[in-house]
Amino acid sequence: MSYQVSKSDDEWQSELSPEEFAVLRQAATERPWTGELLDESREGVYKCKACGQELFRSTTKFDSHCGWPSFYDPSGSDAVELIEDRSLGMVRTEVRCSNCGSHLGHLFDDAPQTPTGDRYCMNSVSLTFESADEA
């Protein structure tokens, strides 16, 4: 897929920390319960760390007890891209930023307590948070 924001690995590496590059550009996963946005509870929006596109709103965040920030719906129907992921001997749905193709996390349909039944399980390191107070 062609993305609106497209950069070489060298360009991404110069802009992102080593951990951010590993997660966003190489589909690594941060350790559970370590992300700085896990317990974020203020009203606001979550954006892609790589390109700044709005991805999720705080109104769809919920505590899924999985160790990563979880949301039940992206902020727009075209905010994220869903791709089949057959790595690690399982079939999952990878979630990427639709603007730059950066890896954000995975989508699971195991959240019956939410309006959609979905759990967008995101890496904190792949997101930035903008409080409604800052906007």
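If I model a spin label at Thr116 and Arg92 as a point 7 Å from the Cα along the Cα→Cβ vector, what separation in nanometres do I get?
According to this spin-label approximation, the distance is 1.7 nm.
Using only Cα positions of the range 73-135, each an equal point scatterer, no hydration layer, compute I(q)/I(0) via Debye at q = 0.20 Å⁻¹ and quote the log10 values to two decimals.
Log10 I(q)/I(0), no solvent term: -0.89.
Would you kindly derive the ³J(HN,Hα) couplings of the range 18-33 from the backbone phi angles with the Karplus curve 6.51 cos²θ - 1.76 cosθ + 1.60 (θ = phi - 60°), listing them in order in whole Hz, with x for Gly and Pro?
Going residue by residue, I get x, 5, 4, 4, 4, 6, 5, 10, 10, 6, 6, 10, 6, 5, x, 6 Hz, with x marking Gly and Pro.
Size of the dipole of the chain about the Cα centre, Lys and Arg at +1 and Asp and Glu at -1 on the beta carbon, nothing else charged, in debye to 20?
240
Can you compute the modelled spin-label distance between Gln13 and Gln26, with each label point 7 Å from Cα toward Cβ, in nm?
Inter-label distance under the simple model: 0.9 nm.
Given the options Thr114, Gly52, Phe62, identify the residue whose Cα lies farthest towards the positive end of the charge dipole of the chain (+1 on Cβ of Lys, Arg; -1 on Cβ of Asp, Glu).
The one lying farthest along the dipole's positive direction is Thr114.
With a 10 Å Cβ neighbour count serving as the proxy for reagent exposure, in which order, fewest first, do Lys49, Lys7 appear?
Numbers: Lys49 23, Lys7 16.
Exposure proxy ranking, most exposed first: Lys7, Lys49.
Could you give me the ³J(HN,Hα) list for the range 51-68, computed from phi with Karplus coefficients 6.51, -1.76, 1.60 and θ = phi - 60°, whole Hz, x at Gly and Pro?
Values per residue, Gly and Pro as x: 10, x, 5, 5, 10, 9, 10, 4, 5, 9, 7, 8, 8, 9, 6, 9, x, 9 Hz.
Which aspartates and glutamates have a Cα less than 12 Å from the Cα of Lys47, not counting those fewer than 8 places away in the same chain?
Glu130
Quick one: 3J(HN,Hα) in Hz for the range 98-115, Karplus 6.51/-1.76/1.60 with θ = phi - 60°, rounded, Gly and Pro as x.
Per-residue couplings from phi come out as 6, 8, 10, x, 6, 6, 10, x, 9, 10, 10, 9, 10, 10, x, 7, 9, x Hz.
Go ahead and estimate [θ] at 222 nm for the chain from helices alone: -39,500 (n - 2.57) per DSSP H run with n ≥ 4, summed, over the residue count, rounded to 500.
Estimated from H runs of four or more residues: -3000 deg cm²/dmol.
Would you work out the relative contact order for the range 9-131, in percent, from Cα pairs under 8 angstrom that are 6 or more residues apart?
About 29 percent, as a whole number.
Can you tell me the Rg and Dmax of the range 9-131, counting just the alpha carbons, in angstroms?
Just the Cα atoms of the range 9-131 yield Rg and Dmax of 13.4, 42 Å.
Taken together, the values in this text are just the output of simple stated rules run on the coordinates, not laboratory data. All of these numbers come straight from a predicted model, not from anything done at the bench. Positions of Cβ are generated from backbone atoms using ideal geometry, with glycine treated the same way; all protein chains shown enter the neighbour counts.
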